[in-house]
1. Within segment 417-432, which residues are outside any loop (DSSP other than H, G, I, E, B) and loosely packed, with under 13 Cβ neighbours inside 10 Å?
2. What number of residues in segment 356-374 are buried (at least 24 other Cβ atoms within 10 Å of the Cβ) and in a loop (DSSP other than H, G, I, E, B)?
3. If you go through segment 376-416 one residue at a time, how many are in a strand (DSSP E or B) and loosely packed, with under 14 Cβ neighbours inside 10 Å?
4. Identify, from the list 29, 42, 21, the residue that is out of contact with any helix residue (DSSP H, G or I) (no Cβ under 9 Å at 6 or more places or on another chain), within 20 Å of residue 403 (Cβ to Cβ) and at pLDDT below 80.
5. What tally of residues in segment 248-278 results from selecting those that are in a loop (DSSP other than H, G, I, E, B) and surrounded by fewer than 22 Cβ atoms within 10 Å (Cβ to Cβ)?
6. Just the residues that are surrounded by 17 or more Cβ atoms within 10 Å (Cβ to Cβ) and in contact with a helix residue (DSSP H, G or I) (Cβ under 8 Å, 6 or more places away or on another chain), please, taken from segment 78-93.
7. Being more than 21 Å from the chain's Cα centre (by Cα) and closer than 20 Å to residue 48 by Cα is the filter here; which residues of segment 73-118 pass it?
8. Going through segment 286-313 one residue at a time, which ones are in a loop (DSSP other than H, G, I, E, B) and more than 16 Å from residue 357 (Cα to Cα)?
């Protein structure tokens, strides 16, 4: 009997997991084959993909500079805009408008970093000060125990909790290896990233090359971080958060060892009564950088009192790419922003293949980190799930859809006919910009 019950539970879990995978896939790629309740009605008139013009989507000051040019043609897949940027440092692609703005900021930061000369700094540092010199690095090979003991004493409390994650924590692709973190080179790299207003965990390969170059030069004593002053205006390179403290959070993430972030995030998630094994699986998912995890945990923590917060962690277990992890993190911050800045939420819930929030007044809230929503078969299918009666389920007291971008004319008309209250260009309301100290 117990075996049958366990089998049933496992079957339900597998069905739910598959559903969530299908949900997350919607954020990134829309199928060209409509499915669901309204498939027959929309198959001949659906908008599965379209081409847009960059000049009609982003502000003129972002379109072109002396460092880069954004291609005029944009491919929209039904939710997200896909951009191509041609720069002095290579051709880049961004798969959403927020990611484009971050990329353009990073290009400016790369140009500013390249103005800092480090060609001879390593050799000069050996002669002048001996600070963290190449000789010291060589000792890691000849006398590693003595050298590492000395390094640990010098670093002080920087890694005073690293023992809590020995044998448990995996290094992600977005961070330095464990040796570089231990000897303190990563600390220099993080401080420089903060000076330039970028994330030390960025997956931009050219930016990482510059951070590596300046990080090693500073570690070896050739430059002071004070010399690496930012010459990049604005805050477009900062991570999307819901708290209005993006710059401060970015600084904390950059300057806190990844192992320490791991421990902090673990303790916070377990304090939310989320299953310990589930937390371990989430924190060791390599698709999530320490930065994304810290932002998500901060968002979940800000939703104190909202039931079923752990649902986001379960959803995150399905992420197998950085893009999917980034999207899940954006959804989390948007929902947390709604709770904090719009109206208190009661709970989070899965519905068929979907995830939505319930307000204290009984309304259903759906958020998309979408650029431009088309009336596709899948969007039509999703839109009907909460607007149609289901046996044993009460209809929500209202339907709200909040997105970062806008809706096509057809999508707007069709969604409103189904009873949806639409909130385009919602970032200002969900995540109001608050001035921070530089």
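The values are calculated or read from the model by the stated rules, or taken from the named source; none is laboratory data. As the structure is a prediction and not an experimental result, all values here were calculated from the model. As a convention, Cβ positions derive from the backbone with ideal geometry for all residues, glycine included, and neighbour counts pool all protein chains shown.
1. Within segment 417-432, the first condition is being outside any loop (DSSP other than H, G, I, E, B), and the residues that meet it are 417, 420-423, 427-430.
Listed by number, the residues that qualify are 417, 428.
2. Going through segment 356-374 one residue at a time, the tally reaches 3.
3. So the count comes out to 2.
4. 29
5. The initial filter retains those residues of segment 248-278 that are in a loop (DSSP other than H, G, I, E, B), namely 256-257, 272-275.
Then drop every residue that is not surrounded by fewer than 22 Cβ atoms within 10 Å (Cβ to Cβ), which leaves 256, 272-275.
The total comes to 5.
6. 78, 79, 80, 81, 83, 85, 87, 89, 92
7. 73, 74, 75
8. Across segment 286-313, the qualifying residues are 286, 287, 288, 289.
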